[in-house]
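Only one structure is covered here, and it is reproduced in the block below.
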Amino acid sequence: MSEVTRHIAIVGCGQLAQMMAQEGKPLGITFSFLAEKDEDAGCVEGLGTIVRLDEAGSDEDLFQALGCPEVITAEREQVDVALLRALQRFCPVYPDPHVFEKAQHRLREKRALTESGLPVASFMPAQGRDELLNALDKLGYPAFIKSCENGYDGKNQWRVKDATELQEAIEEAKDLPCVVEASVDFSCEVSLIGARSASGEVKTYPLTENLHRQGTLLLSKAPYQDEQLLASARAYLQKLMDDWDYVGVLSVECFVTSEGLLVNEIAPRVHNSGHWTLVGAGTSQFANHLRAILDMPLGDTDCPRPAAMVNMLGVDRAPTGKNEGVWLYGKTLRPGRKMGHVILVDDSSEELAQRCEAMIADLYQQ
C-alpha cells in the first residue's frame with residue numbers, strides 16, 4: 001500500500017515559501033501557494049500549484065483550489081487574519097491566526113510581549129504630531145518611531161536624536177499609528193529560533209548574532225557563545241509558545257544589554273537569521289517548521305561548527321570566494337532587495353569572522 005502524500009498550503013510566494021518547499025520535498029511533502037492578486041510568484045514557480053486570491057470563490061472553493069491541504073501556514077506576518085480564520089473550518093492553520101494578528105501590528109506585539117512578562121524597551125503608542133511630541137517628551141532622545149504596520153527592513157521607521165529630526169519624522173509619518181520606543185544601549189542583537197510541534201515537542205537552535213545594514217539584516221553568525229543569555233532567550237521563547245499554544249517555528253529577536261536580554265520583536269515563521277541552518281545544523285529551520293506543523297518528530301538543531309549567513313542585498317551574482325552554499329531566489333533585481341544568501345561554515349569562529357568580512361567585500365565590491 002502506497003504512503004499517503006502530505007500536502008501543505010503556504011500563504012505567500014517569496015523566498016521563504018521557496019525554501020520551505022525545497023526542504024519539504026525530501027520529506028515527501030507537496031505544496032500549493034496562495035498569492036495576492038499582483039504578488040510576484042516567481043520564487044515558487046515549479047514548486048507547486050499557485051492560486052491567486054482574486055480568482056477564488058468561496059472559502060471552501062479556495063481550500064479546494066489549494067488542493068485540500070492537511071495544514072496551512074504562512075511565510076510572512078502580513079496576512080489576512082480573517083481569511084486564515086475562515087480556512088480553519090477546513091484544516092488547521094499554524095501558527096494560529098491570533099499570533100499573526102499580534103505580530104503584524106507593532107503595538108499589539110509589544111503589549112502581547114509584556115503580557116507574557118517579557119522585558120522590552122520603554123514604549124508609547126502615538127498617532128499624529130501632538131502624541132508624537134508628547135511621547136518624545138516623556139521617553140526622551142534618542143528614540144525610535146516605528147509605524148504599527150508595514151514597518152520592516154528599515155521601512156517606516158525613524159531614529160530621532162533631536163527636535164529637528166523629530167519634525168522631519170512627523171512630516172514623514174503623518175497620521176500613521178506608531179509606537180515610540182526609547183533608545184536601548186546594547187552591544188549587539190541576537191535572535192533565537194525554535195520550533196514547537198502540534199503535540200508540544202520543542203527544540204531550539206543556538207543563539208545567532210545579527211548585523212544589519214541600513215535596517216536590513218546583512219550577516220548572521222552562530223553560535224553566539226553565552227550560556228546565560230541562551231538560557232534567558234530559551235525561557236522567553238518557551239513562555240510565548242506556552243502562552244500562545246504555538247505550533248511551528250518562532251523567532252525572538254533581542255538586544256544584548258548590560259542587564260541581560262531585551263526583546264525587540266518576534267517573527268511567527270521561518271526567519272532570515274536562521275538561513276545558516278540549511279547547512280550549519282542537522283535539520284534546517286524550514287524542515288523543522290514543516291515537521292512541527294505536521295506533528296512529525298523534530299530534527300537535530302545542534303550547530304557542530306561555527307556557521308554564518310551573508311545576505312545578498314541588491315546583488316544577483318554568485319560570489320567568487322569559497323563558501324558552503326549559495327542560494328539565489330530568482331527575483332528581479334532591485335537596490336537593497338534580498339536576492340539570495342551565502343552560507344559559510346568553519347572550524348574556528350575567528351576564521352569564520354574573517355571569511356565573512358571577505359565575503360561581504362566580495363559581494364559588495366568594497
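The values are calculated or read from the model by the stated rules, or taken from the named source; none is laboratory data. Note that the structure is a prediction, hence the values are computed from the model and not measured. Here the Cβ positions follow ideal geometry from the backbone for every residue, glycine too, while neighbour counts run over all protein chains shown.
Return the residues of region 288-324 that are among the small types (Gly, Ala, Ser) and either under 17 Å from the mean Cα position of the chain (by Cα) or closer than 30 Å to Ala198 by Cβ (or both); say none if nothing qualifies.
Correct list: Ala292, Gly299, Ala307, Ala308.
I'm told Asn134 meets every condition in (1) in contact with a Lys or Arg (Cβ under 8 Å, 6 or more places away or on another chain); (2) free of Cβ contacts under 8 Å to residues at least 12 places away in the same chain except one. Can you identify the failing condition by its number?
(1)
Please state which of the following conditions Glu259 fails to meet, knowing it meets all the rest: (1) of a type outside the set (A, V, I, L, M); (2) over 20 Å from Phe123 (Cβ atoms); (3) without any contact (Cβ under 8 Å) to a residue 60 or more places away in the chain.
That leaves (2) as the condition not met.
Among what's in region 272-327 and is among the polar types (S, T, N, Q) and not in a helix (DSSP H, G or I), pick the residue that is surrounded by the fewest Cβ atoms within 10 Å (Cβ to Cβ).
Checked region 272-327; the qualifying residue surrounded by the fewest Cβ atoms within 10 Å (Cβ to Cβ) is Thr320.
Can we say Ser199 is in contact (Cβ under 8 Å) with a residue 12 or more places away in the chain and either closer than 29 Å to Lys338 by Cα or surrounded by 16 or more Cβ atoms within 10 Å (Cβ to Cβ) (or both)?
No; evaluated as a whole, the condition is false for this residue.
When the residues of region 257-271 are filtered to those that are within 14 Å of Ile193 (Cα to Cα) and among the charged types (D, E, K, R), which remaining residue is surrounded by the most Cβ atoms within 10 Å (Cβ to Cβ)?
Among those residues, the one meeting the criterion is Arg269.
Assess whether Thr49 counts as being under 27 Å from His275 (Cβ atoms), modelled with pLDDT of 95 or more, surrounded by fewer than 17 Cβ atoms within 10 Å (Cβ to Cβ) and not assigned by TED's automatic domain parsing to the domain that holds Gly340.
The answer is yes for Thr49.
Inspect all residues belonging to region 147-156 and state whether any of them is assigned to a helix (DSSP H, G or I), without any contact (Cβ under 8 Å) to a residue 40 or more places away in the chain and outside the structural domain of Asn311 (by TED's automatic domain parsing).
No, every residue in region 147-156 fails to be assigned to a helix (DSSP H, G or I), without any contact (Cβ under 8 Å) to a residue 40 or more places away in the chain and outside the structural domain of Asn311 (by TED's automatic domain parsing).
Considering Gly48, Gly67, which residue is closer than 28 Å to Ala198 by Cα, in contact with a helix residue (DSSP H, G or I) (Cβ under 7 Å, 6 or more places away or on another chain) and of a type in the set (Gly, Ala, Ser)?
None of the other options fit; the residue is Gly48.
Please determine whether any residue of region 203-217 is of a type in the set (A, V, I, L, M), farther than 30 Å from Gly140 by Cα, in contact with a helix residue (DSSP H, G or I) (Cβ under 7 Å, 6 or more places away or on another chain) and part of a strand (DSSP E or B).
no
Would you confirm, using the coordinates I've provided, whether Leu237 is under 30 Å from Asp295 (Cβ atoms), assigned to a helix (DSSP H, G or I) and within 18 Å of the chain's Cα centre (by Cα)?
So Leu237 passes the test.
In region 65-83, is there at least one residue being of a type in the set (Gly, Ala, Ser) and at pLDDT below 95?
No: region 65-83 contains no residue that is of a type in the set (Gly, Ala, Ser) and at pLDDT below 95.
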